[in-house]
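The values are calculated or read from the model by the stated rules, or taken from the named source; none is laboratory data. For clarity, every value in this text was computed on a predicted model and none was experimentally measured. Heads up, the Cβs are rebuilt from the backbone with ideal geometry, glycines too, and the neighbour counts pull from every protein chain shown. Quick note on the areas: whole protein, heavy atoms, side chains included, nothing else; ligands and nucleic acids left out. Shrake-Rupley method; radii C 1.70, N 1.55, O 1.52, S 1.80 Å.
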Amino acid sequence: MAMSSNERPYAGAPFRKVHWAPRDIEVERRRNGEIILRSRVPMQAPAPHLPHWLSHWAAEHPERTRLAQRRGADRAWQRLSWATAKQQVDALTQALLNLRLGPGRVVAILSGNSLEHALLTLAAMQARLPVAPISPAYSLVSQDHVQLKHLFDLVDPALVMVQDGPTFQRALDALPMEGRTLVHVDR
């Protein structure tokens, strides 16, 4: 039984039109029941790296919102435009380069998702440094921090970021922080 447009609850809602990628699929059916699907649409050249898109969209739509997060007691939205995000990522990239961490040295992020987490991740990528986002549970839930210590041994980070210093202090006390740069975003 089909619904009329008057009966559909979202009819007339202000949805944005989705521009789908072109499709042209070749279907090969084999005797053994396998079905092989191949696209006839040639692949476009990939972007050279993820920060490329930050530069692209900062130039195309500088004032559009790139990232947003609720903050503060009133849970108001804090928004970063593409242009502002690019400026901040470029500044963080330069700060990472100024630290002379060395090629291949890891940037570890112990905190959960945040604006700063996203910006530092892109900055590290732009500086050609690997990023290791580590689940906050290893720092905040664990009592002995065994998994966190193991991860530190594996990735041997040169720089460690935590969103809030006092919240992560027990975990930081359990880690060998000598010779590592520590970044506290809050407090």
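Data table
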| read-out | value |
| --- | --- |
| The range 152-174: number of residues that are closer than 14 Å to SER111 by Cβ and either open to solvent by less than 20 Å² (accessible area, probe 1.4 Å) or under 23 Å from the mean Cα position of the chain (by Cα) (or both) | 12 |
| Any pair with Cβ under 7 angstrom, 6 or more apart, that starts in the range 135-152 at a residue that is at pLDDT below 95 and ends at one that is of a type in the set (Lys, Arg) | none |
| Positions within the range 8-46 being of a type in the set (Ser, Thr, Tyr) and either assigned to a loop (DSSP other than H, G, I, E, B) or at positive phi (or both), in sequence order | TYR10 |
| Cβ-Cβ under 6 Å pairs, at least 6 apart or on other chains, the range 80-96 side over 19 Å from ALA158 (Cβ atoms), far side among the aromatic types (Phe, Trp, Tyr) and surrounded by fewer than 19 Cβ atoms within 10 Å (Cβ to Cβ) | TRP82/TRP57 |
| Test: residue in the range 6-28 that is touching a strand residue (DSSP E or B) at 6+ places or on another chain (Cβ under 8 Å) and touching a residue at least 40 places away in the same chain (Cβ under 8 Å) | no |
| Pair list, Cβ under 9 Å, 6 or more apart: the range 109-124 residue closer than 15 Å to HIS49 by Cα, other residue of a type in the set (Asp, Glu) and at pLDDT 95 or above | ALA123/ASP90 |
| Some residue of the range 47-59 being assigned to a loop (DSSP other than H, G, I, E, B) and of a type in the set (A, V, I, L, M, F, W, C) | yes |
| Subset of the range 138-151 that is open to solvent by 50 Å² or more (accessible area, probe 1.4 Å) and among the polar types (S, T, N, Q) - its residue that is farthest from ARG128 (Cα to Cα) | GLN143 |
| Failed condition for ASP156, given (1) farther than 28 Å from ALA47 by Cβ; (2) touching a Pro at 6+ places or on another chain (Cβ under 7 Å) | (2) |
| Residue match in the range 48-65 (condition: open to solvent by less than 60 Å² (accessible area, probe 1.4 Å), in contact with a strand residue (DSSP E or B) (Cβ under 8 Å, 6 or more places away or on another chain) and not aliphatic (A, V, I, L, M)) | yes |
| Residue ID - surrounded by the most Cβ atoms within 10 Å (Cβ to Cβ), chosen from residues in the range 80-125 that are of a type outside the set (D, E, K, R) and on the phi > 0 side of the Ramachandran plot | GLY104 |
| Close pairs (8 angstrom Cβ cut-off, 6 or more residues apart or separate chains): over 14 Å from LEU122 (Cα atoms) in the range 30-53, of a type in the set (A, V, I, L, M, F, W, C) and open to solvent by 100 Å² or more (accessible area, probe 1.4 Å) anywhere | ALA47/TRP53 |
